[in-house]
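Just below is one structure, and these are the notes that go with it.
Only the coordinates and a few stated rules stand behind these numbers; no lab work does. In this text the structure is predicted, and so the values were computed from the model without any measurement. Cβ placement follows ideal geometry from the backbone for every residue including glycine, while neighbour counts extend to all protein chains displayed.
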Amino acid sequence: MKNSKQSHVGRISSGALGALIITTLFLSACASRPGGIASWPVTNAEKSGFTGEVVDVLCELNGNCAENCGEGKRQLAIKTEDVGTIFVAKNLNNYSGAVDELWQFCEKQVEVSGLFTENKGVRFFQVQNMREPGNSWQKATRYAQAWAERSGKPSSLAGNWEAHDERIKEIIERDGYLGLGKEADEDYFN
């Protein structure tokens, strides 16, 4: 009996060690040095970095301009001299855009690094790092802190903000999880 217990304990330890090694490798792969770009498993991902001016998309497209780029309430882009206007759709936080990252740089030059992704001919940028040229890099994780400030919830909930956001809860209550109504949810999930 004693030997089988030792053997069983050894297997658990090996399993735990294996899980620790896999987790460490995964986290190492996701981590990047300041300004470095982490690979993500997204369609047609391409690492990139560039410099340009942060602009309000509506202002650029049709002259509907808001003070200070809408202070975090409007879609933003980065206008470069060589490529043109690049839509920034994502940051490093789950299920969030990049507006909270960029509006502080409204009408200023910003250097960014991250990933381009393309689907059906539409190309977007996922910002991972940003800085004013010559300054230190900042990780693009401002959304979590900004969400906590706006919602009045503790920042400890920000890592899983979508499960704690009252606006999302109201929309799900009204439209269901699929956005097609509760009957569609009932048919799909049951």
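For the stretch 179-188, the criterion of being under 22 Å from A89 (Cβ atoms) and loosely packed, with under 12 Cβ neighbours inside 10 Å is met by at least one residue.
When the stretch 86-133 is examined, which residues are found to be among the hydrophobic types (A, V, I, L, M, F, W, C), more than 22 Å from C65 (Cβ to Cβ) and surrounded by fewer than 16 Cβ atoms within 10 Å (Cβ to Cβ)? Once the filter is applied, which keeps residues that are among the hydrophobic types (A, V, I, L, M, F, W, C), more than 22 Å from C65 (Cβ to Cβ) and surrounded by fewer than 16 Cβ atoms within 10 Å (Cβ to Cβ), the stretch 86-133 yields only V122. Residues being assigned to a loop (DSSP other than H, G, I, E, B) and surrounded by 12 or more Cβ atoms within 10 Å (Cβ to Cβ) are represented in the stretch 158-175 by at least one member. Condition check: touching a residue at least 12 places away in the same chain (Cβ under 8 Å), under 29 Å from E53 (Cα atoms) and in contact with a Leu (Cβ under 7 Å, 6 or more places away or on another chain). Does L102 satisfy that? So L102 passes the test. A search for C-beta distances below 8 Å between a residue of the stretch 146-157 that is closer than 16 Å to Y95 by Cα and any residue that is assigned to a loop (DSSP other than H, G, I, E, B) and among the basic types (K, R), counting only pairs 6+ apart in sequence or on different chains, returns W147/K153. Do we have any residue at all in the stretch 146-169 that's under 20 Å from D56 (Cβ atoms) and in contact with a helix residue (DSSP H, G or I) (Cβ under 7 Å, 6 or more places away or on another chain)? Yes, the stretch 146-169 has at least one match.
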